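Q: Take a look at this one; I'll ask things after.
The values are calculated or read from the model by the stated rules, or taken from the named source; none is laboratory data. Quick caveat: nothing in here was measured; it's all calculated off a predicted structure. Here the Cβ positions follow ideal geometry from the backbone for every residue, glycine too, while neighbour counts run over all protein chains shown. Remember, those area values only see protein heavy atoms, side chains included, never the ligands or the DNA or RNA. Shrake-Rupley method; radii C 1.70, N 1.55, O 1.52, S 1.80 Å.
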Amino acid sequence: MELLETLRREVKRSSGSRYEHRLHALLLMVSGFTATQVAAVFGEDPRTVRRWISAFENHGLPGLRDPSRPGRPPSLDAQQQAALRHDLDAPPTAVGLSGDTWNGRLLASHLTKSFDTTLGVRQCQRLLRRIRTSPEP
């Protein structure tokens with residue numbers, strides 16, 4: 001059961017994986033499975049599966065994609081994010097900081113010094129975790 005939950009969390013991790021999740025659900029529906037059966041396999045509510053079907057019928061494949069979500073823009077642009085990933089591949093001493101391992105405090109200091117961006121220590125801890133667990137773009 002733990003593996004099942006791990007896989008379901010992974011599916012919900014990114015908009016791309018959620019889109020593919022919905023595609024697979026529709027493939028099963030086209031193959032003859034009911035919305036209730038698909039929902040049981042995918043760990044979703046049958047109403048959610050029916051909503052995916054409706055979105056596909058009304059908008060085609062784009063209807064299965066997540067809508068854009070408003071929110072605060074990223075603190076770093078794509079080029080800066082790539083540079084930061086590169087910096088994080090080396091120890092903090094490589095960019096003039098003291099310490100052997102990156103942590104929230106060191107990252108906050110580095111962002112301020114190198115990118116003129118101020119983030120809190122907790123934000124930096126989350127950023128480190130996200131960078132370490134996500135593949136490079």
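Q: Could you say which residue among Arg72, Arg65, Arg50 is farther than 18 Å from Thr133 by Cα and surrounded by 15 or more Cβ atoms within 10 Å (Cβ to Cβ)? Before you say what the answer is, go through the steps one by one.
A: Numbers: Arg72 fails: surrounded by 15 or more Cβ atoms within 10 Å (Cβ to Cβ); Arg65 fails: surrounded by 15 or more Cβ atoms within 10 Å (Cβ to Cβ).
Result: Arg50 is the single residue among Arg72, Arg65, Arg50 that is farther than 18 Å from Thr133 by Cα and surrounded by 15 or more Cβ atoms within 10 Å (Cβ to Cβ).
Q: Now, a different point. Any idea which residue in segment 118-137 is modelled with the lowest pLDDT, counting only those that are surrounded by 13 or more Cβ atoms within 10 Å (Cβ to Cβ) and within 16 Å of His86 (Cβ to Cβ)?
A: The selected residue is Ile131.
Q: From the list Glu57, Glu44, exactly one residue is open to solvent by less than 100 Å² (accessible area, probe 1.4 Å) and among the charged types (D, E, K, R). Which is it? Break it down into steps so the answer makes sense when it comes.
A: Details: Glu57 fails: open to solvent by less than 100 Å² (accessible area, probe 1.4 Å).
That would be Glu44, the only listed residue that is open to solvent by less than 100 Å² (accessible area, probe 1.4 Å) and among the charged types (D, E, K, R).
Q: Check whether at least one residue in segment 89-106 is part of a helix (DSSP H, G or I), within 17 Å of Ser134 (Cβ to Cβ) and either of a type in the set (A, V, I, L, M) or in contact with a helix residue (DSSP H, G or I) (Cβ under 7 Å, 6 or more places away or on another chain) (or both), and report yes or no.
A: Quick first cut of segment 89-106, residues part of a helix (DSSP H, G or I) only: 92-95, 104-106.
Imposing the further condition that a residue be within 17 Å of Ser134 (Cβ to Cβ) reduces the set to none.
No, segment 89-106 contains no residue that is part of a helix (DSSP H, G or I), within 17 Å of Ser134 (Cβ to Cβ) and either of a type in the set (A, V, I, L, M) or in contact with a helix residue (DSSP H, G or I) (Cβ under 7 Å, 6 or more places away or on another chain) (or both).
Q: Quick one: would you say Pro91 is open to solvent by 70 Å² or more (accessible area, probe 1.4 Å) and without any contact (Cβ under 8 Å) to a residue 12 or more places away in the chain? Full working, then the answer.
A: Values: open to solvent by 70 Å² or more (accessible area, probe 1.4 Å): no; without any contact (Cβ under 8 Å) to a residue 12 or more places away in the chain: yes.
Taking the combined requirement at face value, the residue does not satisfy it.
Q: Restricted to segment 75-87, and to residues that are under 19 Å from the mean Cα position of the chain (by Cα) and in a helix (DSSP H, G or I), which residue is surrounded by the most Cβ atoms within 10 Å (Cβ to Cβ)?
A: Per the stated criteria, the residue is Leu84.
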